[in-house]
Amino acid sequence: GEVSGSVRVGVIGTTGRWLVPTLLAEVGERYPRVRLITVDATTTSLLPQLASGRLDLAVVNLPAPDPDVEVEPLFVEDHVILAPIDHPLAANDTLQLSDLAGIPLLLEPPGTGFRDHLDADAQRSGVTLVAQAEVDGMRLLASLAYQGFGAAVLPASAVVDWDSGTWKSIPLEGTTRRGVGLALPRRGRQTSAARATVDVLRDVIAREVPSLPGLSLPS
C-alpha cells in the first residue's frame, strides 16, 4: 500500500534553515500521505527526545554520545567568524586560532560537541578562548553577531546568503571541521513513513551539500 503516517523530525537550526524547505517539498512529492512534523532545537535537546521516542529521527551536531541513539555522518563544514563590520576581527580576510587570543567571543558552552572540539583545537594551538557570552544554540549566536553584539564562532551553514553590509563572515583556519549526522533511536522498529523520510533526507543531503559554501560530504 501507499506509505502514510506522521513523522517527527528534529533538526538543528543552522541545518534546518536550508534543509527543511527542500525536505518538506520532496517528501510531499514522493510520499503525499506522509506528514512531517519538524522540531527545531539544539543537539542537547534533540537527543533525549529521540531516545524517548518523541522523535523518529534527528539531524544533529556530532559527536552525539547517547547509548540509546545511533548516528551516521551526513556532512562536514568549516568554521567561520561572524563579526560586526566595525569589529577588529572584521579587518581580516582569513583568521587563525592564534588571532583569537584574548578577544571576547560569542561561543557555545562547554559540554557541547562544537565547543569541545573548538577548545581542543585551541589548546593544540596554545590559545585559550575567552567567552563574551555562551549560548547553546547556533542560530541565536548568529543573531547576536548580526545584531552587532559581538563576534561569534560558527559553522559555515549558520551564515545567511544575504549581505546587509553590517557584518562580515571570515574563514577560520586550523580547526577541525564540524560534523553533522543523522541520529536514529536504537530501540523500536521504524515506521515505513520514517524509513521513507530518511531515504529522502539522504538524497537531499547528497544533492545539496556539494553546492553549499564551506560544506562537503564526508570522505
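The values are calculated or read from the model by the stated rules, or taken from the named source; none is laboratory data. Computed from a prediction, not measured in an experiment: that's the story for all the values here. Virtual Cβ from ideal backbone geometry, glycine too; neighbours counted across all protein chains shown. These area figures cover heavy atoms from the full protein model, side chains too; ligands, DNA and RNA do not enter into them. Shrake-Rupley method; radii C 1.70, N 1.55, O 1.52, S 1.80 Å.
Taking a virtual spin label 7 Å from the Cα of Thr166 along the C-beta vector, which residues in region 113-134 bring their backbone nitrogen under 18 Å of it? Counting only backbone N, you get no residues. Taking the Cα centre of region 3-93 as reference, the dipole from Cβ charges on Lys and Arg (+1) and Asp and Glu (-1) amounts to some 540 debye.
Expressed as a whole percentage, what fraction of the accessible surface of the chain belongs to carbon and sulfur atoms when a 1.4 Å probe is rolled over the protein heavy atoms? Result for the chain: 51 percent of the exposed heavy-atom area is carbon or sulfur. Can you find, among Leu74, Leu107, Pro185, the residue sitting farthest towards the positive end of the charge dipole of the chain, where Lys and Arg contribute +1 and Asp and Glu -1 at Cβ? The listed residue farthest towards the positive side: Pro185. With respect to the chain, whose longest principal axis is taken over its alpha-carbon atoms, helix 192-208 is tilted by about 40°.
Counting only heavy atoms of protein chains, what accessible area per residue, in Å², does the chain have with a probe of 1.4 Å?
Numbers: 10080 Å² over 219 residues.
That works out to 46 Å² for each residue.
In this structure Phe149 has an accessible area near 110 Å², from a 1.4 Å probe over the protein heavy atoms. Note on the chain: Rg/Rh from Cα positions, Kirkwood definition for Rh, rounded to two decimals, is 1.00. Near the amide H of Leu62, within less than 5 Å, lie the amide hydrogens of Gly179, Val180, Gly181, all on another chain or at least 5 residues away, with H placed in the peptide plane.
Asn92 to Leu24: FRET efficiency via 1/(1 + (r/R0)^6), r the Cβ-Cβ distance, R0 35 Å, to the nearest 0.05? Intermediate values should be presented prior to the final figure.
On the way: r = 38 Å, r/R0 = 1.09.
For R0 = 35 Å, the calculated efficiency reads 0.40.
Charge dipole (Cα centre; +1 on Lys/Arg Cβ, -1 on Asp/Glu Cβ; no other charges) of the chain amounts to roughly 740 debye.
Here region 88-165 is described by how far its Cα atoms reach on the three principal axes: 35, 27, 20 Å, from widest to narrowest. Counting only alpha carbon atoms, the long axis of helix 13-30 and the longest principal axis of the chain meet at about 20°. Going by a ≥ b ≥ c, the root eigenvalues of the Cα gyration tensor, does region 1-79 fall in the rounded group (a/c under 1.5), the prolate group (a/b larger than b/c) or the oblate group? Because a/c hits 1.5 or more and a/b fails to exceed b/c, region 1-79 counts as oblate. Taken along the Cα-to-beta-carbon direction at a fixed 7 Å, the label points for Gln123 and Arg186 span 2.6 nm.
Give the relative contact order (percent, whole number) for region 1-143; include only Cα pairs under 8 Å separated by 6+ residues. Write out the running numbers ahead of the final one.
Working: 172 pairs, mean separation 32.2, N = 143.
For region 1-143, the relative contact order is 22 percent.
The label-point distance for Val39 and Asp203, in a model that sets each label 7 Å from Cα toward Cβ, rounds to 2.6 nm. Taking the DSSP beta bridges with both ends in region 82-193, the antiparallel portion is around 35 percent.
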